[in-house]
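Please read the structure below before turning to the comments.
Values quoted throughout were computed directly from the atomic coordinates according to the rules given, and no laboratory measurement underlies them. Note that the structure is predicted; figures quoted are calculated from it, not measured. FYI the Cβ positions are ideal-geometry reconstructions off the backbone, even for glycines, and counts take in every protein chain you see.
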Amino acid sequence: MRLVILVLCFSFTAGVLNAQTNVWQPSPGHTQIPIWPGAIPDVQPVPGPEYVTNTITPKGKPLVWVCNVSQPTMTVYSPQGTNNGVAMVVFPGGGYNALAMDLEGTEICDWLTSHGITAVLLKYRVPTPIRQAYGASRMALDDAQRTLGLVRFHAAGWQIDPHKIGVIGFSAGGISWQRRARISTSVRIRRWMRRTKKAAARILRSLVIQDICGVAMKNFS
């Protein structure tokens, strides 16, 4: 009986540790930065803890999926060689259910940095509640606006031209950026003001508008 209990305890502990460690991590030399160090707006329940899973496309290409993201982060990838001052925020797709973190995330960042561009990879919150219409994820929109504001806020320290900051979104990520771009500046500022302390809002007031917007629709088949 004691042996059975020990085995069960070990299995439970291993399961807990696996749940804690099976979250997406960037490659060595890069650090995830929480975009909401305080209270996160529009919090929605998720089915379970964050985890990473791997699949293969019909063409045999491996895919890394990140699921159940409740703590959104951004990861900065510095340019290789000459820094041209341009920065792009990368928004992976995944149907608002998961994030294609490599094919539409890290691989894009690698390409951007090889061309002297600073890449900022956003791990936004998924899945979106079923009751919300496709493309109407308030969580994704909040995370997108917050990240763009933070990039502008840190532009000097990250050697970025504040007038050369853009976004690139894939599939669901692209739809979110399109929706975000359609919201009027005054509406974005009013929403931002309601969620942000006045002192911070005065600083970030003009930081939530991108200069470049790219949308890509991709088929994995």
Query - Least to most buried among I56, I40 (fewest other Cβ within 10 Å first) - result: I56, I40
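Order by neighbour count: W24, W111, fewest other Cβ atoms within 10 Å first, most last.
With the fewest neighbours first, W24, W111 line up as W111, W24.
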